[in-house]
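Below you'll find the structure, written out as structure tokens, and then a few comments.
The values are calculated or read from the model by the stated rules, or taken from the named source; none is laboratory data. Keep in mind it's a predicted model, so treat the numbers as computed, not measured. Positions of Cβ are generated from backbone atoms using ideal geometry, with glycine treated the same way; all protein chains shown enter the neighbour counts. The area values use the complete protein model at the heavy-atom level, side chains included, leaving out ligands, DNA and RNA. Shrake-Rupley method; radii C 1.70, N 1.55, O 1.52, S 1.80 Å.
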Amino acid sequence: MAQGYDPKRWIRTVPAARPAAVDELEKQAIIASCETFIRDVLRPRFLPEIRPTEWSYVIDIHGAWAAGRYRFIQRYRSGMEHNPGEEFDAPFARIDRMGPDHFDIHWMRHTGTWWRLHTGMTLVEALRILETDGILHPV
């Protein structure tokens, strides 16, 4: 029998770890650090000016906290004839708080799924990686 795909063979997968619970004071400190990072690094570097096009174009970079995770998001506006001015969000990176000063870094794949690239980083290290790792940059 040839080696290869066996439809009767099951592979057990391990679910992704859930972010650790965070108190309100630490949550606000993480949000403030991320918003400062967006204001001082991401916007000047990746959105120095808004350039309307006939397609969808970026009008803002912002972030959002949800369930122990902070997502970095690009806001797009459509310039197409059939839906001019419509806007939508597209996340491009995420940091998950996994414990006290312990973060995982995820990248949004073109398939719409999150892909963990780094684990066990401090918040400062995570933001430095977001600044330097090209795959995590907004497009």
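Measuring nothing but how far apart in sequence close Cα pairs (under 8 Å, 6+ apart) lie, relative to its length, the range 23-98 scores a relative contact order of 23 percent. Annotation: amide H-H contacts under 5 Å for Asp60 (H modelled 1.01 Å from N, sequence separation of 5 or more, or interchain): Arg75. The stretch between His110 and Tyr57 holds 17.4 nm of extra length on full extension. This uses 0.36 nm per residue minus the Cα-Cα distance. Relative contact order of the chain: 17 percent, from C-alpha pairs under 8 Å at least 6 residues apart in sequence.
By a 1.4 Å probe calculation restricted to protein chains, Asp40 has an accessible surface near 90 Å², given to the nearest 10.
Residue by residue, the range 119-133 carries 3J(HN,Hα) couplings of 9, x, 8, 7, 5, 5, 5, 4, 5, 5, 5, 4, 6, 9, 7 Hz when phi is fed to the Karplus relation 6.51 cos²θ - 1.76 cosθ + 1.60 (θ = phi - 60°); x denotes Gly or Pro.
Full extension of the chain segment joining Glu87 with Val124 gains 10.2 nm, where the gain is 0.36 nm per residue of separation less the Cα-Cα distance. Dipole magnitude for the chain: computed about the Cα centre from +1 point charges on Lys and Arg Cβ and -1 point charges on Asp and Glu Cβ, it is near 580 debye. When the accessible area of the chain is computed with all protein chains present and a 1.4 Å probe, what percentage of it is carbon and sulfur? Percent of accessible area from carbon and sulfur atoms in the chain: 54.
Determine, at each q value in 0.12, 0.14 (inverse angstroms), the log₁₀ of I(q)/I(0) that the Debye formula gives when each Cα of the range 54-113 is one equal point scatterer. Each listed q corresponds, in turn, to -0.38, -0.48.
Distant-in-sequence amide contacts of Ala93, defined by a placed amide H-H separation under 5 Å and a gap of 5 or more residues or a different chain, comprise Phe72, Met108. The modelled label-to-label distance for the pair Val139/Ser33, using points 7 Å beyond Cα in the direction of Cβ, is 2.9 nm.
For the range 51-66, 3J(HN,Hα) computed residue by residue from phi via the Karplus equation (6.51, -1.76, 1.60; θ = phi - 60°) reads 10, x, 9, 7, 10, 7, 9, 6, 10, 6, 10, 9, x, 8, 9, 7 Hz, glycine and proline entered as x.
Note on the chain: the alpha carbon radius of gyration divided by the globular reference 2.2 N^0.38 Å gives 1.28. Centre-to-centre, using Cα atoms only, the range 35-71 and the range 90-110 are separated by 16 Å.
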